[in-house]
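Enquirer: Below you will find the structure I want to go over with you.
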Amino acid sequence: MEYILIIIAAIFVNNILFAQFLGVCPFLGVSNRISTAVGMGGAVLFVMTLAMIVTFLVQTYILTPLGLGFLQTIAFILVIAALVQMVEIILKKVSPVLYQALGVFLPLITTNCAVLGVAILVIQKEYTLLQGTTFAIANALGFMLAMVIFASLREQLELAKVPKGMRGMPIALVTAGILALAFMGFAGLV
């Protein structure tokens, strides 16, 4: 039951984009098409889960025992950047097709603050490795859900008669605000 609560809370109630405002740059920048939103969401799912596991192990077995907890943010940023680079190199060699599919999104994930935010939140909430992994996967799925919904709304807005001054980013920001309000409807769920 505890894991179901973590999943529902991370996807709907405390959505990483709408409740914690992490990962807004790729949310606004890469959400023009549903296909790119799904690609970015898949890449975030993979990297966020892997980064959370590695940063959890770094925190548990290196930083905390050595009394270096004050280096957490810097260590996590370095781990995430190195991890994304390693994943990119490995994918290029092992699976060129998957590299082509995710290749454009992998460098963007290095600067996605949602990945760092989830890694830090797992430590702050004192989750176990399994709880943290569940939390990371659920947050990535919540990120993907928000991206896909927003991308589909933006595709529909291209066909709508929008006033000239509101075209482009202004109507996208208004739409994102309304979408965030819709997600606030889940607030009392968990």
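The values are calculated or read from the model by the stated rules, or taken from the named source; none is laboratory data. Please read these numbers as outputs of a predicted model, since none were measured by experiment. All Cβ positions, glycine included, derive from the backbone under ideal geometry; neighbour counts span all protein chains shown.
Enquirer: Within the range 148-168, which residues are within 23 Å of the chain's Cα centre (by Cα) and of a type outside the set (D, E)?
Expert: V148, I149, F150, A151, S152, L153, R154
Enquirer: Still on this structure, please answer the following. Which of the residues spanning the range 30-72 are modelled with pLDDT of 95 or more, among the polar types (S, T, N, Q) and surrounded by fewer than 15 Cβ atoms within 10 Å (Cβ to Cβ)?
Expert: Correct list: T60, T64.
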